[in-house]
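This report concerns only the one structure given below.
The values are calculated or read from the model by the stated rules, or taken from the named source; none is laboratory data. These figures come from a predicted structure and were not determined experimentally. Please note: Cβ atoms are built from the backbone with ideal geometry, for glycine as well, and neighbour counts cover all protein chains shown. For the accessible areas, the whole protein counts, side chains as well, though only heavy atoms, and no ligand, DNA or RNA atoms are used. Shrake-Rupley method; radii C 1.70, N 1.55, O 1.52, S 1.80 Å.
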Amino acid sequence: MARLGSRTYLASTGPSETGTTEIENRRRSLPTWLDGLVLLAIAGGMTALTWRGWADPFVDFGRESYVPWRLSEGARLYTDIAWFNGPLSQHLNAVWFRILGPGMTTLYLANALVLGAMVVLLRGLIDEIAGRGAALLAAVLFLLVFAFGQYVGIANYNWVAPYAHELTHGVALAVASVAALSKWRRDRDPQLLALGGFLLGLCFLTKVETFLAGAVGSAVLLTPLVRASEGRARATWAVAFFAPILGSLLGVGLLPTLGAWPSVLAGEVAELPFYRAGMGLDEPRLRMEETGAWAVIWAIGLVIPVSAAWLARETRSRVALPLTVAVSLVVLLGAGDRIPWMESLRPLQLFVFLVVLALGAARLRGRGPDGAPIESDAGRHAVQTALALGLLSLVLLLKMLLNVRSGHYGFALAAPAAAFSVAALWRWLPAVVDRAGMRGDVVRGAVLALLSLFCFAHVRTTSSWMERKTEMVGAGSDAFRSDLRGAFVQLAVDHVREAGYRSVAVLPEGVMINYLARVPNPTPYLNFMPPEEILFGDAAWEAAFRAAPPDAIVIVPKDTAEFGRGALGIGYGTRLTEWIGSEYVPLTSLRIDGVNFEIRLLVRRSRPT
């Protein structure tokens, strides 16, 4: 075993003492604050690159801003606002709005705290199981690829302006519960046990997939509680876990506390083509072939440096050889666009599964990830923590089962798995190579090259999307950068303000217009898309509009073909659109010369004065 700062990790004890071990010794000799400085510099650089380009003008983040604004004004979630996730995130953001004032900047700051916590959590867990070098690399990867990135036309798939705060909050809480329980197993402090239970209870109030991931990871670390002598500890954890859930039951009721569980169990939303495609179940055979092809590519990418490590087993060069391998890979793979790196995470779930399987088998045989016998409780603890993080990562990846990616949902769902993979590639694989009498540092050089190319490609893609954000939308704390779609949102916001409407509904989506104009939708419903029709119903939409008709209706062009239901009023939502057609008349259209896009505005036939 070896000590790294305050962390204990599994050290390489293979024959290649002059390679990997000396590099680790040099790294340990550096002050730990340098790692923090590096991460702050990277976070600052990515913030500057993506500055105020995090939110999308039409999709999702308008809802994520509108709901806490309405709650901070006294509206009630699930009553005045129809909601479909757990109650935690929106109420928390409403508290931020009450403290700092409503504004997207307030959400950015609050989310920056969550992002920072995620960096600390991932770095701490990877340090625990694989050492300081792997921990730093995992944190760098998270910041460069997952925290700020944009890889599709829609923004919101980042940790600063997420499409659903329940996802980022839930992932962070799941990882935090595992981190707390990992410390509990090491220190046996009952407060850490209670903290782990409390964090998982909070996670239950976010999203189903994040809670399941946290529950599986926590279960791995809670195995000592099955002993008959641990009755008090079991009670401590259970009370802490159920405390936030009971508080929610008393505060908002049963159905709000259950959040998305009823709809998930019903399964109808998940059957929409959009969500099936997100999981890769739209064309499973094709997706499996793509996953298999990328698995072969990654296997070749690792076999080559392992072969080089074998050929160089007698070489005494300590720095030149790993550096040569790394530079060669960068030159070979980095020229032009030979590798479609945006698709390269396809087999991530396979890799994590195999590593977890290997860890489990090694644990049963009393060995560590490098195959060396475990001779202390700290070593067994590190393997157990690694298993917990690996299983947590696998459960999160289930939502992208055959379509794992770094963009879209992957910005949150794939982040823990990517950090776990860094531990395996940077620490455990080179350690196994060392024990076989080869050069683990050569493998580490290749891994560094591959990770560098992977990160560079993602940063370059993000930069390309940011260059398209030439429009400023909103003002003051609500200002953000957007592509040309933002100009239409601003036109609509200006019209709503100038016309003095007291209430507006935007169909089928675009509640960002309500939020920026600070004009509410008088109905509980925010989006009018196929998933929302399944959750709430066309009849409920119509009844809500009859009960509280808005002064104006804004119609935004939206292609809903990806949901397989056709357009609003044709494939779904016909009762609502028929009623609107009988009660509202066209007023004007908002256009920009030379752009094939328009927003239509309707007003009531007998608008009250």
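Before I look further, what does the chain give for accessible area per residue, probe 1.4 Å, in whole square angstrom? It would help to have the intermediate numbers written out before the result.
Values: 24440 Å² over 609 residues.
Ligands and nucleic acids excluded, the result is 40 Å² per residue.
Can you give the helix-only mean residue ellipticity at 222 nm for the chain, where every DSSP H stretch with n ≥ 4 adds -39500 (n - 2.57) and the sum goes over all residues, rounded to the nearest 500 deg cm²/dmol?
Taking each H run of at least 4 residues, the total per residue is -19000 deg cm²/dmol.
Using only Cα atoms and rounding to the nearest 10 degrees, what angle (0 to 90) does helix 132-141 make with the longest principal axis of the chain?
Tilt of helix 132-141: around 30 degrees.
Cα centroids of the range 486-523 and the range 369-409: how far apart, whole angstrom?
Using only Cα atoms, the two centres lie 45 Å from each other.
Here are several values of percent of Cα pairs over 31 Å apart: (1) 57; (2) 62; (3) 53. Which one was derived from the coordinates shown?
(3)
Given labels modelled 7 Å from the Cα in the Cβ direction, how far is it in nm from GLU271 to ARG605?
3.8 nm
Per the 1.4 Å probe, what fraction of the accessible area of the chain, in percent, lies on carbon and sulfur atoms?
Accessible surface attributable to carbon and sulfur in the chain totals 63 percent.
For a quick check of understanding: with a 1.4 angstrom probe and all protein chains in place, what accessible area in square angstrom does SER464 have, to the nearest ten?
For SER464, solvent-accessible area is about 50 Å².
If I model a spin label as a point 7 Å beyond the Cα along the Cα-Cβ vector, how far apart are those points for ALA543 and ASN596 in nm?
4.2 nm
For HIS495, what accessible surface area do you get with a 1.4 Å probe? Give it in Å², rounded to 10.
40 Å²
For the chain, take the longest principal axis of its alpha carbons; what is the angle in degrees between that and the long axis of helix 104-130, to the nearest 10 within 0 to 90?
On a 0 to 90 degree scale, this one is about 20.
Please report the accessible area of THR461 (heavy atoms, 1.4 Å probe, ligands and nucleic acids excluded) in Å², nearest 10.
Here the accessible area works out near 30 Å².
Quick one: ranking SER606, SER589 by accessible area, 1.4 Å probe, largest first, what do you get?
The ranking, largest first, comes out as SER606, SER589.
Please work out how much length the chain gains when fully extended from SER229 to ALA293, using 0.36 nm per residue of separation minus the C-alpha to C-alpha distance, in nm with one decimal.
Between SER229 and ALA293, full extension yields 18.0 nm more.
With a point put 7 Å past each Cα toward its Cβ, work out how far LEU40 is from ALA243 in nm, to one decimal.
Inter-label distance under the simple model: 3.3 nm.
At most 15 other Cβ atoms within 10 Å plus a DSSP loop assignment makes a site exposed; report the longest stretch of the chain without any exposed GluC sites (Glu not before Pro).
376-609
What angle, in degrees between 0 and 90 and rounded to the nearest 10, separates the Cα long axis of helix 284-311 from the longest principal axis of the Cα atoms of the chain?
Compared with the principal axis, the helix lies near 30 degrees.
Between ARG518 and ALA219, what length in nm is gained on full extension when 0.36 nm per residue of separation is reduced by their alpha carbon distance?
Details: separation 299, 0.36 × 299 = 107.64 nm, distance 4.49 nm.
Contour length minus Cα-Cα distance gives 103.1 nm.
Expressed as a whole percent, how much of the Cα-Cα distance distribution for the range 65-172 exceeds 16 Å?
62 percent
Treating cross-link reach as a plain straight distance, find the aspartates and glutamates whose alpha-carbon is under 16 Å from the alpha-carbon of LYS399, omitting any fewer than eight places away in the same chain.
The qualifying aspartates and glutamates are GLU166, GLU209, GLU268, GLU271, ASP282, GLU283.
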